[in-house]
Amino acid sequence: MQVRPFGQRLIAAVLPPPRCGACDAQMSAPARPFCDACAETVLPLRSRDPGATGAFAYVGAVARALARLKSERRPDLGRVLGDLLWCAVEPQAASLRQVVLVPVPLHPARLAERGFNQSGLLARRVARRLGAPLWPSALTRTRDTPPQATLTRDARRANVRDAFVAREPEHVAGRAVLLVDDVSTSGATLDACSRALLDAGARTVFRSVLARAGY
Ligand SMILES: [Zn+2]
């Protein structure tokens, strides 16, 4: 694992929330996702394994903010975290001009329960920054699978195999797709989604994941 310093570019590119995205402390400095103490817990990653990519380690402020987004149903934090993801995507932006963004979908039952797809919120923010179209319903999750983090590596692959289908292939056929997910553990979900997109005729699938667990 290689670790990059938490750079000024990262701080400058993120819009100012009035409070820290992780601990909710009030902040005076503008254009930052997290307070000073929380920012020190952000661990950028440079993956050597494209199958299990992630921009940041699933620890500290990033993990806390994601937990708040999902468990406390705070879709407003999607903006902070989406801008954080954008910091990782931006260096490759020139090669992503023609992509359509597709989030890893939730099962419809879980989407109804939560009210939003957190990966869709991240993808919306990155799409806006990139100036690229977003197709949030391009993929459908056909099975409500247990969370990947609760399973062994082999079980993760079996868990998500054939769990995704591209129901609207006309929106991805012949296109380069940027697949967006909030957390990746083994990359099995991303592999399954990529396969569904390629089966639907996508030309190529890039991956953009905010956090990697078990890095
Ligand atoms: Zn904080």
Q. Taking strands (runs of 3 or more DSSP E) that fall entirely within region 155-215, which contain at least 2 residues that are aromatic (Phe, Trp, Tyr)?
A. none
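Per-residue answers, yes or no, for (1) crowded, with 22+ Cβ neighbours inside 10 Å; (2) not polar (S, T, N, Q):
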| residue | (1), (2) |
| --- | --- |
| Ala39 | no, yes |
| Arg64 | no, yes |
| Glu72 | no, yes |
| Ser95 | no, no |
| Leu101 | yes, yes |
| Arg110 | no, yes |
| Gly115 | no, yes |
Q.
Name the single residue that is modelled with the lowest pLDDT among those in region 18-31 being near the ligand (Cβ under 10 Å from one of its atoms), in a loop (DSSP other than H, G, I, E, B) and on the phi < 0 side of the Ramachandran plot.
A. Met27
Q) Scanning for something polar (S, T, N, Q), modelled with pLDDT of 90 or more and away from the ligand (no atom under 16 Å from the Cβ), does region 46-55 turn up at least one residue? A) no
Q. Counting just the residues of region 78-93 that are of a type in the set (Gly, Ala, Ser) and under 19 Å from Ala176 (Cβ atoms), which one comes out surrounded by the most Cβ atoms within 10 Å (Cβ to Cβ)?
A. Ala88
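Here's the yes/no breakdown for (1) hydroxyl-bearing (Ser, Thr, Tyr); (2) within 19 Å of Met27 (Cα to Cα); (3) free of Cβ contacts under 8 Å to residues at least 12 places away in the same chain:
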{"site": "Ala61", "(1), (2), (3)": "no, yes, no"}
{"site": "Ala67", "(1), (2), (3)": "no, no, yes"}
{"site": "Leu81", "(1), (2), (3)": "no, yes, no"}
{"site": "Val89", "(1), (2), (3)": "no, no, no"}
{"site": "Leu101", "(1), (2), (3)": "no, no, no"}
{"site": "Leu106", "(1), (2), (3)": "no, no, no"}
{"site": "Arg110", "(1), (2), (3)": "no, no, no"}
{"site": "Leu121", "(1), (2), (3)": "no, no, no"}
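The values are calculated or read from the model by the stated rules, or taken from the named source; none is laboratory data. These numbers come from a predicted model, not from an experiment. Positions of Cβ are generated from backbone atoms using ideal geometry, with glycine treated the same way; all protein chains shown enter the neighbour counts.
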